[in-house]
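J.: Would you mind keeping the following structure in view while I ask a few things?
The values are calculated or read from the model by the stated rules, or taken from the named source; none is laboratory data. Keep in mind it's a predicted model, so treat the numbers as computed, not measured. So basically every Cβ, Gly included, is an ideal-geometry build from the backbone, and we count neighbours across all protein chains shown.
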């Protein structure tokens, strides 16, 4: 039975080859439905701003993003130390749209806000106290000597052999 397995597999594979070539030569074509939405290229000055499209974080600029939505979409660009930008972008058909936003820096007087200095007190922790309790250990710390001497074991084995020899006679 085991000798017939490889020829059966070979015949099966040989039968699959014509089926695959017939499928490859068939004239059936598949069409993909027309895609809605489009690609939007987002760029900002300065670059590296976080882009939000319809309140969803899509990445940092510059970025090209494909959306399935059409119409006017809300866009927000944010970057630390720069003012946020809020606007809209209109997506029509499958066109590529370029979106560019300039983020002005936050005014200096807001960035250098002075905060009053408050003194910080540090707490000192006393050193840990050594415990005087002794905790018993479940295992002995040193291995005890065997109660049976090796000479006794050898003597017991030789007596056993002696009794066995006497019994066979």
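J.: Out of the residues in region 100-130 meeting the condition of being at pLDDT below 80 and not in a loop (DSSP other than H, G, I, E, B), tell me which one is nearest to the chain's Cα centre (by Cα).
T.: Only one residue fits best here, namely 111.
J.: Have a look at 59, 37 and point out the one that is at pLDDT 90 or above, surrounded by 12 or more Cβ atoms within 10 Å (Cβ to Cβ) and on the phi > 0 side of the Ramachandran plot.
T.: Numbers: 37 fails: at pLDDT 90 or above.
Result: 59 is the single residue among 59, 37 that is at pLDDT 90 or above, surrounded by 12 or more Cβ atoms within 10 Å (Cβ to Cβ) and on the phi > 0 side of the Ramachandran plot.
J.: Also, I was wondering about something else. Pairs only if they're at least six apart or on different chains, beta carbon under 9 angstrom, first in region 111-126 and surrounded by fewer than 10 Cβ atoms within 10 Å (Cβ to Cβ), second part of a loop (DSSP other than H, G, I, E, B) and modelled with pLDDT of 75 or more; list them, first residue then second.
T.: Short answer, once both residue conditions are applied: 111/81.
J.: Can you find, within region 62-98, the residue that is nearest to residue 46 (Cα to Cα) among those that are touching a residue at least 40 places away in the same chain (Cβ under 8 Å) and assigned to a loop (DSSP other than H, G, I, E, B)?
T.: Residue satisfying both the conditions and the ranking: 95.
J.: What's the total number of residues in region 47-72 that are closer than 17 Å to residue 97 by Cβ and touching a strand residue (DSSP E or B) at 6+ places or on another chain (Cβ under 7 Å)?
T.: Summing the residues that are closer than 17 Å to residue 97 by Cβ and touching a strand residue (DSSP E or B) at 6+ places or on another chain (Cβ under 7 Å) in region 47-72 gives 17.
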